[in-house]
DNA sequence: AGAAAGTTGAGTAAAATACTCAGAATTGAG
DNA sequence: CTCAATTCTGAGTATTTTACTCAACTTTCT
Ligand code: FES
Ligand code: FES
């Protein structure tokens with residue numbers, strides 16, 4: 001059960017944009033340099049982030065990406081859903097999607113695991129990540 | 001972030017064996033029939049479960065697999081580790097395994113997610129799964 | 001006009017997943 | 001003792017997913 005680079009890279013990228021929220025658009029080139037992720041790949045990730053309305057773009061010189069909403073309104077789960085399609089650990093989890101559902105002995109476990117993941121991702125926002133980052137890179141000597 | 005069939009099938013298989021704990025070994029054939037999993041594939045899964053000491057085997061007629069310990073002593077995480085190699089959602093999680101670790105803005109999120117998953121898998125045992133199954137298939141009408 | 005961006009769709013290499021298969025080894029039952 | 005039941009093992013493979021790359025095009029700023 002591994003988290004793919006889509007999710008990992010994507011969240012770092014969104015964080016990067018969040019840092020400049022309310023200031024200026026951030027270009028793919030900048031993100032690529034700061035986070036060490038290929039420009040080509042970032043393009044793909046942003047295609048999805050844009051489609052899901054998490055970022056908006058400005059073309060042309062001085063263009064780039066910005067968050068559509070305040071960082072405190074964007075949950076980690078939003079980003080994950082946009083990038084990984086869904087943050088479900090398995091298909092069977094949705095009611096009615098599995099023929100064994102009714103008598104499946106292990107279903108309850110996966111539901112619990114899923115819930116615990118959702119709890120974290122739904123209650124953490126980009127702002128939280130930014131705050132945490134600020135604390136660690138200024139507060140402490 | 002999907003759970004592979006190794007983990008899903010494997011836990012169902014271990015549950016099946018757990019039902020007969022203290023009674024008789026359960027053959028791959030039986031599990032295959034009850035859980036609808038290919039015999040060939042189950043062999044592969046049991047190769048790992050055995051290596052990690054979760055099950056023990058008896059060859060020959062009337063042979064099969066049994067749990068090495070009481071179901072209440074086998075955690076879901078034990079089974080997952082045996083089957084999926086590790087239940088870590090990413091490599092970076094281990095201290096020192098990632099060069100970005102120190103200033104990585106998203107690391108803390110993944111650590112939280114990991115912890116919440118571990119909490120569930122470490123505190124749920126095969127016995128819990130069995131109990132739950134029994135409740136749902138006898139208690140109710 | 002020209003450079004700096006984003007936009008899009010297609011394509012691909014590598015890795016992981018999800019199996020299959022054949023045959024050898026072991027054991028219990030008759 | 002023999003045979004059928006069963007595990008054991010290593011190798012092989014098809015499919016899917018991941019993780020990208022690339023090229024051409026559009027938009028916008030200066
Ligand atoms: S709910 Fe689908 S196999 Fe358990
Ligand atoms: S800790 Fe490795 S990229 Fe964040």
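Could you say whether any residue in the range B:48-71 is closer than 17 Å to residue A:109 by Cα and either without any contact (Cβ under 8 Å) to a residue 12 or more places away in the chain or away from DNA strand D (no atom under 11 Å from the Cβ) (or both)? Quick ask: steps written out before the conclusion?
Pass one, the range B:48-71, residues closer than 17 Å to residue A:109 by Cα: B:71.
Imposing the further condition that a residue be either without any contact (Cβ under 8 Å) to a residue 12 or more places away in the chain or away from DNA strand D (no atom under 11 Å from the Cβ) (or both) reduces the set to B:71.
Checked against the condition, which is being closer than 17 Å to residue A:109 by Cα and either without any contact (Cβ under 8 Å) to a residue 12 or more places away in the chain or away from DNA strand D (no atom under 11 Å from the Cβ) (or both), the range B:48-71 yields at least one hit.
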Handout entry: Failed item, numbered, when residue A:5 is tested on (1) within 16 Å of ligand 2 (Cβ to nearest atom); (2) modelled with pLDDT of 95 or more
Key = (2)
Practice task
Scan (1) under 25 Å from residue A:135 (Cβ atoms); (2) within 21 Å of the chain's Cα centre (by Cα); (3) exposed (fewer than 13 other Cβ atoms within 10 Å of the Cβ) for the single condition residue B:85 breaks and write down its number.
Solution key: (1)
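Every residue, every condition in (1) assigned to a helix (DSSP H, G or I); (2) away from chain B (no Cβ under 11 Å), yes or no:
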| site | (1), (2) |
| --- | --- |
| A:40 | yes, yes |
| A:43 | yes, yes |
| A:65 | no, yes |
| A:99 | no, no |
Exercise for the section: Determine, yes or no, whether residue B:36 is surrounded by fewer than 20 Cβ atoms within 10 Å (Cβ to Cβ), within 14 Å of chain A (Cβ to nearest Cβ) and without any contact (Cβ under 8 Å) to a residue 60 or more places away in the chain. Expected result: yes
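The values are calculated or read from the model by the stated rules, or taken from the named source; none is laboratory data. Since the structure is predicted, the reported quantities are computational estimates derived from the model, not experimental observations. Cβ atoms come from the backbone with ideal geometry, glycine included; neighbour counts cover every protein chain shown.
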